[in-house]
Each structure stands twice: as structure tokens, then as C-alpha cells.
Amino acid sequence: MQQPDATKRFHFEHWHPNDLAQAELLWGDPKVTVLISKNGFSAQMIKDRLAFECDSDRQDGVQYWPMLTPEKELIGVCGLHKQAAGVYELGYHLRPKFWHQGIATESAQQVIQFAREQLPATKLIAGHQPGNLASQHVIEKLGFTYIGDVMYPPTGIASRTYELKL
């Protein structure tokens, strides 16, 4: 199993079915899930999300990889989900104590490099909720181009959507 390269501040790992406590630490925090779900994540939704990430890794060789500090503290996730042949969605979810430190940009740069070097990817897509200016800044800084608004069913809100041709 492959994952993006580490940086000085963190490394990527793979989700495994027994990682529920780590998944709960991230997706059980309403500050994290407010922009990806209408009502946050229930305990069952967290279990389902963990299973989805494990399945995605097994089937497509990608997932939203957990990022850990050198001391093994969970920062959040950053990674890819396959959407179609050659097309992957880039996404990241960080624990609040790691916001506004450049980690979303740094981790996404590593994931983009991984997509270019390790996958048959021709395009990445990414999106954010209309009011999430921090994510908009990250996505634009990474070189993505705005392509329109797309309904995001988990929130019922049209997400601002971008693409990056590789």
C-alpha cells in the first residue's frame, strides 16, 4: 500500500478497520463535520466513513489518509477518492487545533504529487462550501480552476467546485 510522502511536520498512514477511536476523534467533532454533513456525524456514520475509507484503499489504492505528527497525534486526513477513470476528488478534514497552520495546503501538495507520480490521474476535482473562505484559499493556491457549483447531497448545499488538470 502506498501513500503520499511525509513532510517534516507529519506523515501519512492508512486507515484500518480497528482505527475507530481515531476516526471518532476526527469525525466525531462537530467543528470538523459542520461543512460536510447537515447534522454532523452520528456514531454509525463515523463507522461507515471508516469502512468507506478502508474499502476505497482496497479497491482504488487511495483514501483520505490519516496524517499524524511525529509524536503520532492525529492531525486529520487528506487524500483522494476515485470518481471516474483518471478523475479523483481531493479532500481534507483537519482537527481544529491544526487549522490556520498551512497544513491543508502542505498535505494537499503531497497528495497532488502522489496523484501525478503514482496514479493514472488526468484530473483532480475539489470543492468547498460557499462560506468556507479558508478552503477556497487553499484550493486556489494549489492551482485549481473554478468550474461551477455542484449540489453536495450530504449538506444539501451547492459546493463551489474546482478542477486541476494533471
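The values are calculated or read from the model by the stated rules, or taken from the named source; none is laboratory data. In this text, all values refer to a predicted model and were calculated from it rather than measured experimentally. Methodologically, a virtual Cβ is constructed for each residue, glycine included, from the backbone with ideal geometry; neighbour enumeration extends over all protein chains shown.
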Would you say T161 is surrounded by 14 or more Cβ atoms within 10 Å (Cβ to Cβ), of a type in the set (V, I, T) and touching a residue at least 12 places away in the same chain (Cβ under 8 Å)? yes
What are the pairs, 6+ residues apart or on separate chains, where a residue within segment 127-148 that is closer than 14 Å to H100 by Cβ has its Cβ under 8 Å from a residue that is part of a loop (DSSP other than H, G, I, E, B) and modelled with pLDDT of 95 or more? A134/W99; A134/H100
So which pairs qualify, if the first residue must be in segment 12-29 and farther than 18 Å from I103 by Cα, the second must be aromatic (F, W, Y) and in a loop (DSSP other than H, G, I, E, B), the Cβ gap must be under 7 Å, and the two must be at least 6 apart or on different chains? G28/F41
Taking only segment 126-156 into account, find how many residues are part of a strand (DSSP E or B), exposed (fewer than 15 other Cβ atoms within 10 Å of the Cβ) and not charged (D, E, K, R). 6
